[in-house]
Each structure stands twice: as C-alpha cells, then as structure tokens.
1. Could you figure out which of (1) touching a residue at least 24 places away in the same chain (Cβ under 8 Å); (2) farther than 30 Å from A:R172 by Cβ; (3) open to solvent by less than 20 Å² (accessible area, probe 1.4 Å) isn't true of B:I69?
2. Using the structure shown, decide if A:V133 is among the aliphatic types (A, V, I, L, M) and touching a residue at least 24 places away in the same chain (Cβ under 8 Å).
3. Among what's in segment A:140-161 and is assigned to a helix (DSSP H, G or I) and under 21 Å from A:Q93 (Cα atoms), pick the residue that is nearest to the other protein chains (Cβ to nearest Cβ).
4. Say we look at segment B:142-188 and pick out the residues that are more than 22 Å from A:A96 (Cβ to Cβ) and open to solvent by less than 40 Å² (accessible area, probe 1.4 Å); which of these is nearest to the other protein chains (Cβ to nearest Cβ)?
5. Could you give every pair whose Cβ atoms fall below 8 Å, whose first residue belongs to segment B:45-63 and is open to solvent by 100 Å² or more (accessible area, probe 1.4 Å), and whose second residue is part of a helix (DSSP H, G or I), counting only separations of at least 6 or pairs across chains?
6. In this structure, is B:I109 open to solvent by 50 Å² or more (accessible area, probe 1.4 Å), β-branched (V, I, T), touching a residue at least 40 places away in the same chain (Cβ under 8 Å) and closer than 16 Å to B:G194 by Cα?
7. Which of (1) farther than 20 Å from A:L181 by Cα; (2) at pLDDT 90 or above does A:G119 not meet, given it meets every other one?
8. Would you check if A:R26 is over 15 Å from A:A173 (Cβ atoms), open to solvent by less than 50 Å² (accessible area, probe 1.4 Å), among the basic types (K, R) and at pLDDT 90 or above?
Amino acid sequence: MEGAGNHQCTVRPKGMEVAATGLSVRFADGSVGFENVDLQIDAGQFVGIVGPSGCGKTTLLRVLAGLQSTSSGTLSFNPPGKSQGGQLGFVFQKAALMPWRNAWQNVALPLELTRRTIGEPKTEGGEESGPIVDRYARACDWLREVGLQEADFIKRPDQLSGGMQMRVSIARALVTNPAMLLLDEPFSALDDLLRTRLGMLVQRLWMHEKRTVVMVTHNIQEAVQLSQRVLVMNRGNLEGEVEVDLPYPREGSIARSPKLLHCMEQVSDLLEKAGA
Amino acid sequence: MKGGGRHLGGLILPVVLVATIVVFCWEAIIWAGDIHRVLLPRPLEVVRDAWEQRRALLLGCMMTGWAAIAGLTASILLGTTIGIVFSQFRRVRVGFFPYVMFLQTVPIIGIAPLLVTWSGYEFRTVVYVVVIISLFPIINSVTTGLMATEPQLKDLFRLYGAGRIRTLLKLRLPAAVPYMLVGVRTSGGLAVIGAIVGDFFIGFGGQHDGLGTLMLSWLNQQRTASLIAAMFASAVVGLVLYGLVNLIAVTLLKRWNRVFDA
C-alpha cells in the first residue's frame with residue numbers, strides 16, 4: 001500500500017466536490033443527452049450511476065470530465081479547475097491503451113501530457129533524465145498497485161490479457177493522483193470473475209485514497225456493492241437515488257447480505273417506475 | 001516467422017517446379033511452332049545475353065533502383081507532410097483533394113513527356129516521374145490514418161489538456177503508422193513502374209542509362225533475348241524494393257499490435 005500516493009509533493013485535499021444545478025445537454029443534431037439534472041457529490045464519495053443504455057449516464061460522466069459541453073445549467077468543482085491539471089482520472093469502457101507503447105509507458109502518458117500544469121519536481125540542472133526516471137517510477141508504483149508483475153511492465157497491450165489491460169488503464173487514470181476518478185462502464189467487456197476482481201480493486205483503491213469516484217454502469221449489483229449512493233437515470237432524467245449504508249470492504253458475506261439485496265431491489269424498483 | 005528452415009524446402013520446391021515447367025513449355029513452343037528467334041528466343045539465349053550484358057543490366061538495375069528509391073523516399077516525405085496538413089485543416093483537404101485525385105487518375109505516360117521538357121534528360125526527371133506516380137497512395141493512407149484515431153484516446157488527450165500539436169505528435173502520427181505503411185507498400189510497386197517509364201522517355205544518350213533506356217535501345221536493335229533479360233531484371237528490381245519496404249514495415253510494426261500480412 002505504501003508508495004503510490006506519496007510521490008505528489010503538492011498537498012491536495014483528497015476528493016473533489018461536485019455541485020450541479022439545472023444541467024442540460026443538447027446535441028447538435030437536436031437530440032437530448034439529459035435534462036435539468038441537479039447533482040451534489042461530496043468530496044470522497046463513491047457514487048454509482050445506473051440506467052439503461054441511452055439514458056444519458058455516459059453523457060453526464062463526459063460533462064463531469066469536461067469532454068462534453070453543456071447547453072444550460074451550472075457546474076462547479078471544489079477544488080476548482082477541473083481537467084487540465086490531471087485533477088481527473090477517466091477509465092473508459094475499453095482499456096483504450098496505445099498499442100505502440102508498453103504498459104509503463106501507457107501509464108506514464110498523463111504525466112507527460114500534464115508536465116507543465118502539474119508542477120513536477122525539478123531536478124538539479126534541469127536534466128531531461130530526471131523527469132523521465134520519476135515518471136517511470138511513478139508509473140511502476142501504480143502498476144504494482146493495480147496488481148501487475150514486474151515482468152509485465154514492459155509488455156505491450158497486445159501481450160496482456162483483457163483484465164491486465166484494464167488494470168493498466170486504471171493505473172493510467174490514477175497516476176496523476178486525481179481528486180476524482182470517473183469510470184465509464186469500466187468492466188462491461190470482461191467476464192464475471194474479472195469483473196468482480198476489478199470491482200474489488202477499485203474499492204480497495206478508493207478506501208485507501210478516498211478520492212471521489214463516479215462510476216457509470218448498467219450492472220445494478222456492481223453499482224450497489226461498490227457505491228455509497230446509487231443514482232438512477234432514465235431517458236435523460238435523474239429518477240432518484242438509493243443510499244447504500246453498508247460498511248466497507250464489501251466482500252464475502254456483506255456482498256450477499258439481505259441489506260445489499262434490498263438496496264438492489266430499491267434500484268430495480270426505481271428503474272421500473274421510470275419505465276425502463 | 002518460426003521454423004523458417006523447415007518451411008523453406010516446402011516453399012522453394014513448388015517455385016522451382018513451376019519454373020521448370022515454364023522453361024520446358026517455352027522450348028516446346030519454339031520447337032513445335034518453328035518460331036523465329038527475333039520473336040521468341042530460346043531460354044538459353046536469354047541467359048547468354050543476360051550474362052553478356054551483365055554490366056549494362058546491373059548498372060541499369062542500379063540506376064532504375066536508385067531512381068525508384070529516391071522518388072519513393074521523396075514521396076513518403078512529401079505525402080506525409082501533405083497528409084498531416086490535410087488531416088489538420090478540413091478546408092484545405094476539401095479544396096485540394098480533387099487535385100490530388102488528379103495525380104492518381106492522370107496516366108503517367110501523359111505527364112512524363114512534359115516533365116522531360118521541363119527538367120531535361122536527366123536522372124532527376126526520372127525521380128519526378130516516380131514521385132508523381134507514387135505520391136497519391138501515401139497522401140491517401142496518411143490522411144486516412146491520421147483521421148482514424150480512436151475516439152477514446154482523443155478524449156484522453158483532451159482530458160489532460162493536450163493541444164493540437166502534442167496530440168498530433170504523440171497520438172495521431174504514431175496511430176497512423178500502420179496505415180502509412182500500407183500506402184508505402186502500394187507506392188513501392190508503383191515506384192519501379194514509374195522509374196522504368198521515366199527511363200523510356202529519357203531515352204538513350206542522355207545522362208541516364210536505366211533499365212527502360214536499355215529496353216528502348218534493344219527494342220530498336222531487335223535484340224529480343226536481351227529485352228527478355230531486361231524484363232526479368234526489372235522484376236528483380238521490383239522484388240528487391242518490395243522486399244525492402246516489407247522488411248522496414250514488419251520491423252516497424254513489431255511495435256504496433258496490428259499484424260501486417262506480408
């Protein structure tokens with residue numbers, strides 16, 4: 001556990017706070033992404049968003065990431081200044097690794113891209129090797145953290161299994177030590193066993209660092225088991241939310257507890273009521 | 001890639017067998033049809049002429065090969081630059097692409113005389129002909145490759161505030177390499193054709209004795225056996241260039257996860 005979080009020299013409050021009121025997204029072709037969404041996410045919260053495909057949940061996530069502009073409403077972050085400084089990590093549905101880079105080079109990419117904005121420690125004499133060595137060290141720390149073996153660090157994506165690729169992708173999202181981690185149906189392409197394992201990995205990383213996590217999924221069980229709050233979306237509207245008041249880590253007996261099952265039912269009911 | 005030695009016998013044997021059959025039929029046709037040696041010389045005569053003209057043929061191969069390589073290299077540099085501009089500026093692409101298509105559609109035989117008029121009976125003219133014939137596939141593949149970048153990776157670069165240039169250098173260009181190599185492979189074959197066509201128009205007595213030049217002079221002297229030898233020599237130049245391009249492509253693509261079906 002030691003190591004991964006300690007490279008950052010600037011002290012940054014763990015977790016990002018998000019406040020949105022009356023948020024709407026309308027696309028150029030006239031279709032609606034979502035409408036009039038009010039949302040408050042506390043610092044360090046683990047929030048799940050569920051809903052059928054096309055309900056606007058991925059669009060909402062892209063808005064939070066600054067990848068999609070809004071048509072109306074206000075959105076604020078605390079600490080402010082969202083994406084550009086590596087304050088956000090994003091895990092896509094696919095691993096989306098660069099095939100010409102090996103595992104550690106893929107993980108180091110955000111460090112290269114945010115070099116100017118993040119204020120990396122300067123080495124004496126401004127040698128080029130300094131930052132590169134530091135990037136390598138940080139990338140490797142995170143690769144270890146997500147469960148890769150040393151021998152895999154120099155493997156290219158096509159030499160890694162699907163689960164490994166996803167782990168690399170998670171390490172890449174976390175390498176800038178972001179205040180908020182956004183996950184867009186991150187494990188939907190993986191089999192059930194891997195899905196559970198990676199879910200546990202995300203949970204462990206969250207418990208360890210307490211950064212804000214927003215995870216979009218269409219798997220109700222996954223959402224309830226991992227999140228503190230589950231938001232239910234349908235047809236561009238936020239239909240309601242379910243609080244999941246269970247202790248972490250949620251594995252073993254807790255994952256099968258009646259309370260968790262009850263929460264899953266509540267989420268299902270909300271979805272059904274919304275006509276999904 | 002594995003077990004090359006084991007497969008070699010299995011690969012070479014059929015090829016040799018086909019060659020033997022072709023030579024046998026060739027002889028048989030001459031023997032049966034009593035064909036004059038100006039029309040179709042015997043295989044042995046072709047070999048003899050090729051040996052006698054080995055110096056001229058070798059020099060011709062080198063001249064033509066150099067022109068093809070120089071032209072192809074220029075095409076790669078020029079085509080990649082144009083592809084980058086096209087991918088970055090939509091208006092430029094829309095405005096210029098029809099004219100680039102012109103490069104593809106105009107017969108090289110139609111342009112070559114003009115080029116000789118403008119640039120003279122020299123090596124560089126042959127290179128120009130090669131550039132014109134081999135440029136389009138590279139522009140096309142580089143532009144396509146640069147614009148086919150995975151959307152999620154583009155999002156990732158936006159997320160970290162990467163500008164246009166950085167996205168181009170670190171993402172779009174490397175992602176376009178497999179596309180570009182497909183274009184280069186097509187252009188490699190065209191380059192040899194362009195070089196020989198260029199030789200033809202420059203003709204004998206200029207500064208340049210390429211394979212096309214040799215062919216033209218032997219055609220005038222009705223030395224059919226030498227002509228056939230020159231034809232095989234040009235095929236060898238084409239094969240060598242193709243092999244060279246493929247070797248570079250496969251080596252480069254080892255870093256990319258796309259399989260290059262050579």
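1. (3)
2. Here the answer is no, as A:V133 does not meet what is asked.
3. A:D158
4. So the residue we want is B:L181.
5. B:R48/B:A225
6. yes
7. (2)
8. Against the criterion (over 15 Å from A:A173 (Cβ atoms), open to solvent by less than 50 Å² (accessible area, probe 1.4 Å), among the basic types (K, R) and at pLDDT 90 or above), A:R26 does not qualify.
The values are calculated or read from the model by the stated rules, or taken from the named source; none is laboratory data. Because the structure is a prediction, the values reported are computed rather than measured. Positions of Cβ are backbone-derived with ideal geometry, glycine not excepted, and every protein chain shown enters the neighbour counts. Accessible surface areas use protein heavy atoms only, side chains included; no ligands, DNA or RNA. Shrake-Rupley method; radii C 1.70, N 1.55, O 1.52, S 1.80 Å.
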